[in-house]
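The structure under discussion appears below in the form of structure tokens.
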Amino acid sequence: MVDSSHSTGTPDTAPHDVIIVGGGLAGGLIALALHRHAPGCRFLVVEAGCTLGGHHRWSWFETDIPAQERALVEGFHLNGWDEGYDITFPRLTRTLPTAYRSLASAEFHRALMAELPADRVLLETKAAALDDGGVTLADGTRLAAKRVIDCRPFKSSKALAGGWQVFLGQHFKCEKPHGLTRPVIMDASVDQVAPHGNGEAYRFVYVLPLSPDEVFIEDTYYADQPKMDADVLKGRVAEYAHRNGWKGEVIDQEAGILPVISGGDFAAATAEVAIPGVALAGARGGFSHPLTSYTIPFAISNALAIARLIAARPELSGADLAAFCKRRARRHWRGTAYYRMLSRMLFEAAEPGKRVVVFEHFYALKGNLVERFYAGRSTWPDRLRILTGKPPVAIPRAIRALFSSGKPLDTKPLDTKPLNMETPA
């Protein structure tokens, strides 16, 4: 716990060098990087939930993370598949050779709590206000800090354009071995209709064989509105398990609604959440893949960059750190413009029921092109290749989407129902 007797400190004499607000993926990795690479840094993580990382599963291709950065997550117990992964579409079935990794938030929490000093993490503690001199908690306690990093969840903005990725996954303990040896990253042979008024959408099922008799099945779709009917999605997951002959019980589940950004005014969007002198990181700071919503490569890169900067410059001010993160965010926004254009193609050029054709066209391309795409490192030849060949969308619609500013991102509260555990599929 934190000694609140230090709460009147100024930034120069503050008891904390860094306070990280939000102990999700970005915040947790920043804390880990500071612990390992800036050992003299007195940091504190303030997390409103009861665990670090929330209740999620993060997955990535081995090639998403540069080799020199992988050590930050190699201390976690990861699920891994070196033999590649499968994809299935109405007219295409393929195995690609790229190794795949997955990290459960329960392991993220366990490993961080085992490695970080106990007095560096505050769980079930809500931050009411952040400023350049520290954090005020919901109970009125004041925590002073030289630097504050805001890693709270993404906040939707009318200044952004795009759609949403909606998903619900369940972890099954099967009665007998399921027979899978590789992940199925996309099975888009399923029908393409989103549930309950969300219209037609690009929909696929994602499957991870976690052990010989445990499998994770996730139903995912891209839609224009942030709506989820958990009961319908659970029914679809159960139907998929039944179709494959997998009987057993559900031992865990997760759900989420993530933004798929296709454009907008990034400066205006970040200005809505920025606090003078406070650094922005994570999805709130704009660090995600615009089309896939992947965050882990960017979270790792940012965590290491922040830790190394603080280690090299112990005198660094909160305003300097905020400016550093802002520059990285702007560079990331500029560097991912191509993927936002593809998002516009998906949401505006492709008819909703035919969005699957866009992905089918993409997955027919060379495997190393697919690798670079997910890592956000597509080359110019890659970009041209993705857009050439028989167009998966009508050319006039594609041209309009190319020059469009995108559909404004829906800013209504996320429409979800509470998740309740259910037994077997």
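The values are calculated or read from the model by the stated rules, or taken from the named source; none is laboratory data. Being a predicted model, the structure only gives us computed values, none of them experimental. With ideal geometry, Cβ positions are generated from the backbone for all residues, glycine too; neighbour counts draw on all protein chains shown.
Name the one entry in Gly162, Gly169 that is part of a strand (DSSP E or B) and at positive phi.
Answer to the selection: Gly162.
Give Thr220, Thr141 a once-over and let me know the one that is touching a residue at least 40 places away in the same chain (Cβ under 8 Å), outside the structural domain of His289 (by TED's automatic domain parsing) and of a type in the set (Val, Ile, Thr).
When all the criteria are applied, what remains is Thr220.
Go over the candidates Ala127, Ala138 one by one and state the one that is surrounded by 16 or more Cβ atoms within 10 Å (Cβ to Cβ) and at pLDDT 95 or above.
Answer to the check: Ala127.
For the structure I just gave you, tell me whether Ala241 is over 30 Å from Ala26 (Cα atoms) and either in contact (Cβ under 8 Å) with a residue 60 or more places away in the chain or assigned by TED's automatic domain parsing to the domain that holds Asn302 (or both).
yes
Are any of the residues in the range 365-380 β-branched (Val, Ile, Thr) and free of Cβ contacts under 8 Å to residues at least 60 places away in the same chain?
Checked the range 365-380: at least one residue is β-branched (Val, Ile, Thr) and free of Cβ contacts under 8 Å to residues at least 60 places away in the same chain.
Would you tally the residues in the range 359-385 being β-branched (Val, Ile, Thr) and surrounded by fewer than 20 Cβ atoms within 10 Å (Cβ to Cβ)?
1
Considering the range 86-117 alone, what residues qualify as being assigned to a strand (DSSP E or B) and either farther than 26 Å from Gly367 by Cα or aliphatic (A, V, I, L, M) (or both)?
The answer is Ile87, Leu92, Leu96, Leu103, Ala104.
Hey, Leu34 hits all of (1) touching a Cys at 6+ places or on another chain (Cβ under 7 Å); (2) at pLDDT below 95 but one; which does it fall short on?
(2)
Of the residues Ala329, Ala319, which single one is surrounded by fewer than 19 Cβ atoms within 10 Å (Cβ to Cβ), part of a helix (DSSP H, G or I) and small (Gly, Ala, Ser)?
Result of the check over Ala329, Ala319: Ala319.
Condition check ((1) in a helix (DSSP H, G or I); (2) under 23 Å from Ser105 (Cα atoms)) across all residues:
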site: His242; (1), (2): yes, no
site: Ala255; (1), (2): no, yes
site: Ser288; (1), (2): no, yes
site: Ser293; (1), (2): no, yes
site: Ala307; (1), (2): yes, yes
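Going by the structure shown, is Leu103 at pLDDT 95 or above and either under 18 Å from Thr292 (Cβ atoms) or touching a Cys at 6+ places or on another chain (Cβ under 7 Å) (or both)?
Yes; evaluated as a whole, the condition is true for this residue.
Can you name every residue in the range 78-98 that is over 19 Å from the mean Cα position of the chain (by Cα) and either under 25 Å from Leu116 (Cα atoms) or of a type in the set (A, V, I, L, M, F, W, C) (or both)?
Trp81, Ile87, Phe89, Leu92, Leu96
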